[in-house]
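I have placed the structure first, in the form of structure tokens, so that the comments after it can refer back to it.
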Amino acid sequence: MSEYVGKVMEMVKAKDPAQPEFHQAVEEVADSIQIVYDKHPIYRKMKVLERIIEPERVILFRVPWVDDQGDVQVNRGFRIEMNSAIGPYKGGLRFHPSVNLGILKFLAFEQVFKNGLTTLPMGGGKGGSDFDPKGKSDIEVMRFTQSFMSELFRHIGPDTDVPAGDIGVGGREVGFLFGQYKKLRNEFTGVLTGKGLNWGGSLIRPEATGYGAVYFAAEMLATRGESLEGKTCIVSGSGNVAQYTAEKVLDLGGKVVTFSDSGGYVFDDEGVDRDKLAFVMDLKNNRRGRISEYAEKYPSAVYTPLDPNLDHNPLWDHKADCAFPSATQNEVNAVDAQNLVNQGVYVISEGANMPTVPAGVDIFMENNVLYGLGKAANAGGVAVSGLEMSQNSLRLSWTREEVDNRLKGIMTSIHTQCLEAAEAYGKPGNYIHGANIAGFLKVADAMLDQGVV
């Protein structure tokens, strides 16, 4: 760790001692942009990173609601408006028991650079609640989301802050949130993305994060003259990102052999075909069941329950070519990373945000793995959210083919930016430094232009 990075981390840990995920995200970016600071001292003089580290605004509020038994429940609501140098705040809402200020600050910080990479005019933000939609009735989810939006609506708007979905916030939740916003503001504007197609949503938006991660993997493989055709792929998670990652892998001729949820994972040596994928989508999106049911339905699959006593996740210990971590932060530890390398995996494209611990990333880099970090590889989701905002502003809707082509073009552009920035700053082929530097420069230059604000 350089002296500069050390000072930055000392400052961050002193101010926010109980936010390890935020520390992890800041350290990765600070380490990458050290070489930018050495080459262009103006960024150091104007303390650009130090300003990005501090959110422009943090909103914390209570969310009271009544459950189906008539009991009053109280959750916390958050919105982190991190940086608006290149556009209105943009980033998802996460409803999960693990949500706290540190996790949302890490996600918002990552979002700033991710959105910068998309080439679209979007700042960075993130929000959510420690509410758990799992096991709740539709009416309970509606009561909670209406209470949540009854406070959040004061702080968001199409030219201020445009939230979207994330873990625990899918089409159902976005619909309830939008309905309450519309009622309170008496206006129909594109204030949320991930909306239903018949009321302002965009084609390809549900698919975008997963599709984008696969497109990014394809771009990385192309640098070695290869494609996804015939590749065996491990996918974690079974929600939106994992589902559409699997769909696009199938489109490009690959084979997906795993899905997981918080209870465990399934391994299907025969591969997930279109019918099996349709089963997973119905299971998770409509019936809201557990992935163990996949193994009950298909004899070719083996279900392994999560064992908290293991020092690794056996999902990452299967023979494969590519891996798509698509569940949550820090799901791939150092042992998992070594297992992936030992099993022949040489392409990692992260559908989740920061799913690999730093020691795991080091193992990937030491073994010359094509490693697409989350802020680059999973930027397709927010990119199509940006396209949804554009369609809302224009009061029109683009075709599925047009949106998919734009998404593919954006992912190709992000890949090119990463490689070009890495090359320009003496780190050829390093996607970590490339993504962090390219995203930083886009935001930092805008901040210099706008003065110390």
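What order do you get for 120-131, 301-312, 339-350 when each peptide is scored by the mean count of other beta carbon atoms within 10 Å, highest first?
Result, highest mean Cβ count within 10 Å first: 120-131, 339-350, 301-312.
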Neighbour-count ranking for Tyr4, Tyr244 (other C-beta within 10 angstrom, fewest to most) reads Tyr4, Tyr244
Percent relative contact order for the range 309-421, counting Cα pairs under 8 Å at least six residues apart, stands at 21 percent
Size of electric dipole in the chain: Cβ of Lys, Arg +1 and of Asp, Glu -1, about Cα centre, debye, nearest 20: 1360 debye
Can you give the net charge of the other residues whose Cβ lies under 11 Å from the Cβ of Gly6, counting K and R as +1 and D and E as -1? -2
Out of Ser260, Val369, Gln243, whose Cα points farthest toward the positive end of the dipole of the range 208-377 (charges: +1 Lys, Arg; -1 Asp, Glu; placed on Cβ)? Gln243
Once you charge only the Cβ atoms, +1 for Lys and Arg and -1 for Asp and Glu, what is the size of the charge dipole of the range 151-209 about its Cα centre, to the nearest 20 debye? 220 debye
For the pair Lys408 and Lys7, what calculated FRET efficiency results from E = 1/(1 + (r/R0)^6), where r is the Cβ-Cβ distance and R0 = 41 Å, to the nearest 0.05? 0.50
If I stretch the segment between Asn342 and Val58 completely, what's the gain in nm (0.36 nm per residue apart, minus their alpha carbon distance), one decimal? 97.9 nm
Between Asn309 and Ala359, what is the label-point separation in nm under the 7 Å Cα-to-beta-carbon projection? 2.1 nm
With +1 assigned to the C-beta of every Lys and Arg and -1 to the C-beta of every Asp and Glu, and no other charges, what is the dipole magnitude of the range 208-377 about the Cα centre in debye, to the nearest 20? 380 debye
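Taking every pair of distinct Cα atoms and averaging 1/r, then inverting, what Kirkwood hydrodynamic radius in Å comes out for the chain?
Every distinct Cα pair counted, the radius reaches 22.1 Å.
Every number in this text was worked out from the coordinates using simple rules, so none of it is lab data. Everything quoted here is computed from the prediction, not taken from an experiment. Cβ atoms come from the backbone with ideal geometry, glycine included; neighbour counts cover every protein chain shown.
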